[in-house]
1. How many residues, within region 54-105, are open to solvent by 40 Å² or more (accessible area, probe 1.4 Å), outside any loop (DSSP other than H, G, I, E, B), of a type in the set (A, V, I, L, M, F, W, C) and free of Cβ contacts under 8 Å to residues at least 40 places away in the same chain?
2. How many residues does region 62-82 contain that are of a type in the set (D, E, K, R) and in contact with a Ser or Thr (Cβ under 9 Å, 6 or more places away or on another chain)?
Amino acid sequence: MDITLPRRLGLVGMAAILLAFAPPALAYSGQKLAGEAKISIERAREIALKAHPGKITDEELEREAGGSGLRYSFDIKHGRVTQEVGVDAATGQVLENAPEGPNPD
């Protein structure tokens, strides 16, 4: 058995192995509804981050009352605060921009 294999793999090889088992980066909750959205999730992300800068920790496309009835929902962490920002999937209008409640969805 060759014990030098881990050394030969190095960081690049190990990263490739980890990426092979990582979930797809483009997947998000509710992606099956994307065909009904008039704006892309990429554009919705831009709108959400403009409304509340930070790091997106969760994202989904869901049916919810208000606006067109279809919205992107983002959890955006900035410091210790996690903000929920909802973006209408038809118009791009910000429908919600409030701290995440005690029972996150």
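1. Adding up the residues that qualify gives 3.
2. Residues that pass the stated criteria total 4.
The values are calculated or read from the model by the stated rules, or taken from the named source; none is laboratory data. None of these values were measured; they are calculated from a predicted model. Cβ: placed from backbone, ideal geometry, glycine included. Neighbour counts: every protein chain shown. For accessibility, only protein heavy atoms count, side chains too; no ligands or nucleic acids. Shrake-Rupley method; radii C 1.70, N 1.55, O 1.52, S 1.80 Å.
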